[in-house]
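Each remark here refers to the structure printed beneath this line.
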Amino acid sequence: MKKIIKVILNISFIFYLSALVYLLFLGSRGYFWSEISLIEYLKYSSNFVPFKTISTYIMAMFDGSMNMDIPIKNLFGNLFMFLPMGIYLPYYTKKLSKLFTYSISMTLLLFLIELIQVITRLGSFDIDDFILNMFGALMGFCICNTKVVQKYFAIV
């Protein structure tokens with residue numbers, strides 16, 4: 001039974017990583033502007049002001065100024081996109097089972113993803129995406145450290 005559970009975990013992790021790569025780099029993106037410099041692209045497509053888009057989406061949810069799909073997809077999509085990482089990484093890498101090392105690793109990973117999106121012009125740098133992704137990853141980490149999940153992982 002242990003082997004079956006490990007195989008299922010491994011396969012689900014591969015599917016998760018594939019979906020993550022697709023969503024972050026291969027999905028429909030409207031940002032490819034090859035006619036401007038990277039600096040101009042960074043200037044026009046980036047958000048360096050924390051909570052700027054988050055507050056815009058929250059306000060839009062309350063005042064109806066935007067189609068509800070947009071704030072829901074952006075807020076909850078970014079929040080839950082990295083939640084599984086908080087479960088998988090500590091499971092696969094025991095060094096990341098401590099909050100400090102996990103947080104540092106996720107911070108570096110998320111900034112690397114944002115940087116790759118800007119350099120490849122397959123996305124934009126958005127500090128709010130980083131905040132929501134990090135919060136989701138930390139939620140996953142907290143879930144991973146519950147007694148129920150720890151008991152389950154001890155079996156596997």
- request: Evaluate segment 104-127: report whether one residue or more is part of a loop (DSSP other than H, G, I, E, B) and either within 28 Å of residue 146 (Cβ to Cβ) or among the β-branched types (Val, Ile, Thr) (or both).
  value: no
statement: Counted residues in segment 53-92 being surrounded by fewer than 12 Cβ atoms within 10 Å (Cβ to Cβ) and either outside any helix (DSSP H, G or I) or not hydrophobic (A, V, I, L, M, F, W, C) (or both) come to 7
message: Given the condition among the aromatic types (Phe, Trp, Tyr), over 30 Å from residue 1 (Cα atoms) and without any contact (Cβ under 8 Å) to a residue 12 or more places away in the chain, answer yes or no: does some residue in segment 70-83 qualify?
response: yes
message: Suppose the filter is out of contact with any Ser or Thr (no Cβ under 7 Å at 6 or more places or on another chain) and in contact (Cβ under 8 Å) with a residue 24 or more places away in the chain; does residue 104 pass it?
response: no
Yes/no for residue 39 being surrounded by fewer than 11 Cβ atoms within 10 Å (Cβ to Cβ) and either modelled with pLDDT of 85 or more or part of a helix (DSSP H, G or I) (or both): yes
message: It is to be established whether one or more residues within segment 112-131 are open to solvent by 50 Å² or more (accessible area, probe 1.4 Å), within 12 Å of the chain's Cα centre (by Cα) and within 25 Å of residue 41 (Cβ to Cβ).
response: yes
message: Cβ-Cβ under 8 Å, sequence separation 6+ or interchain: first residue in segment 45-61 and free of Cβ contacts under 8 Å to residues at least 12 places away in the same chain, partner among the small types (Gly, Ala, Ser) and loosely packed, with under 13 Cβ neighbours inside 10 Å. Which pairs?
response: 59/65
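The values are calculated or read from the model by the stated rules, or taken from the named source; none is laboratory data. Values in this document were obtained by computation on a predicted structure and should not be read as measured data. No Cβ is skipped: glycine too gets one built from the backbone with ideal geometry, and neighbour counts run over all protein chains shown. Quick note on the areas: whole protein, heavy atoms, side chains included, nothing else; ligands and nucleic acids left out. Shrake-Rupley method; radii C 1.70, N 1.55, O 1.52, S 1.80 Å.
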